[in-house]
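Quick notes on the structure that follows.
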Amino acid sequence: MADADETAELAQPDPIVASEIHLHRTLGPFSLIMIGIGSIIGAGIFVIAGTAAAEHAGPAVLISFLIAGVGCFFAGLCYAEFASMIPESGSSYTYAYATMGRYMAWFIGWNMVLEYLVSAAGVAAGWSGYFVSLLHDFGINFPTTFANAPLEGTGFEHLHLTGDIMNLPAVVLIAGLSAFLIVGVRESAKFNGFMVLIKVGIVLLVILFGLPFVQSANLHPFIPPNQGQWGKFGISGILAASGMIFFAYIGFEAVSVAAQEAKNPRRDLPIGILGSLLICTVLYILMAIVLTGITNWRTLDVPDPVSFAVSKIATLKWLVTWIDVGAMVGLASVTFVSLYGQSRVFYSMARDGFLPPAFAAIHKRFHTPHIGTYITSAFAILLAAVFPFDVLAELVSVGTLLAFIAVCAGVLILRITAPRARRQFRIAYVWFVAPAGVLVCTGMMVSLFLSSPDTLSRLIIWTGIGVVIFAIYGYWHTTPSKWNVTNES
């Protein structure tokens, strides 16, 4: 139960716009954990695990999942401490503003667009493939002209026209999920919780029915020998796979954007962040054992590795359709939480003057940032309709890593500048945990730049666009951060 000081704080009118209609505080610990799981379990468990095993680590992908989970746990602890200090819906953007000033806040907030909005579009595009495949299983052939993006290529430099018109299923998915977001956060949380229960239930079915069919021969050699190239098996392969799998965990910080809709944010946000991370790490590791143990791991570099592996067991073929349903629901819930997170980040940035006030407008009946949700969804629909999944996925990773680094560094800054500030959740051994988080995330970023040099140039271009927008609007309208944390907070 919140103490008297916290209750008084939460009851105060907003210091920026006293007459503003507020977001509803309706989310408890269970709903917050569901938001975290909804954002984490998606493409990572249904797609990336197979590719990481077949191309990089073999059965040792189990270790890769563990390494990535530990790295995310360091960052998750830092998010949890911040969330218990600053119960605001802007997540790492707000934390950067409170510790590093408005320029770094804009930089982080602008790159969070990559993490949420572009991620929502990319995952929706991936969902479309599962949807069309499931229709095909039932004898329905969806027109390919309306199921694929009109652009195709391995990167922006190789884009070319395909002759298709648009990815209509992805457009319909985003539009439908946006309607739930506008209706209300309580209804949205129930809908997300329903999707999470379905996909976690199917994941558990795969684990429970698959474990008895795991054969030790498929797990040998556990660490395949390196093939003379960095990242191709051996120890370097495990590290390369962990870098790929790291991004299967991103999304837990979406819990922190629900701060202003949580009943007791200082207590419940750390529970939501760390609880969802722990649950997903256990599920990921068990799924990795099943995937590599029931079939030859060399064959798992396919778009649907879970369905593919299970289909090799004659007595488990009944699970394949259910797995496809689980993958569809899983990807849909990731899209849902990404759209939710982006609208709440824009809401916080608009209240601080970085964006026009329309993004902070709250619907009188539903108490949701409806205009910001409309705009976010419109851009996501445009991206999902036109661009293929792989091009959109390339844009997501760097923005996420920058946000993680800022949060880990921000925790250390506040331990120096405000050592006695109120922290309902306090990291033990912070001088190990936070630097470890910075090092892991920086290492992932360097690895990303080395493996794909174009990533750096795209980051520079994206940052340049953000600088122009900030110079035209944000610089002239920004208000001081209301979360200048002091020792008396």
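Tabulated results
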| read-out | value |
| --- | --- |
| Only Lys, Arg (+1) and Asp, Glu (-1) charged, at Cβ; the chain dipole about Cα centre in debye | 740 debye |
| Gain upon complete extension [L135, A175; 0.36 nm per residue less C-alpha separation] | 12.4 nm |
| Extension gain, I235 back to I461 (0.36 nm per residue minus Cα-Cα distance, nm) | 77.9 nm |
| Spacing of the two label points (7 Å from each Cα toward its C-beta) at W476 and F30, in nm | 5.0 nm |
| Mean Cβ neighbour count within 10 Å, used as a protection proxy, ranking 70-79, 120-129, 135-144 highest first | 120-129, 70-79, 135-144 |
| Mean Cβ count within 10 Å, highest first, over the residues of peptides 99-109, 306-316 | 99-109, 306-316 |
| Cα-based Kirkwood hydrodynamic radius, the chain, one decimal, Å | 22.8 Å |
| Added length on full extension, which subtracts the Cα-Cα distance from 0.36 nm per residue, A378 to L439 | 18.3 nm |
| Under-25-angstrom lysine pairs by C-alpha in region 25-477, whenever the two are 8 or more apart or on separate chains | 6 |
| Label-point gap, in nm, between V183 and T162 - each point 7 angstrom along Cα→Cβ | 3.1 nm |
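Each reported figure results from applying straightforward, stated rules to the coordinates on display, with no laboratory input. These numbers come from a predicted model, not from an experiment. Note that we place each Cβ from the backbone using ideal geometry, even for glycine, and neighbour counts take in every protein chain shown.
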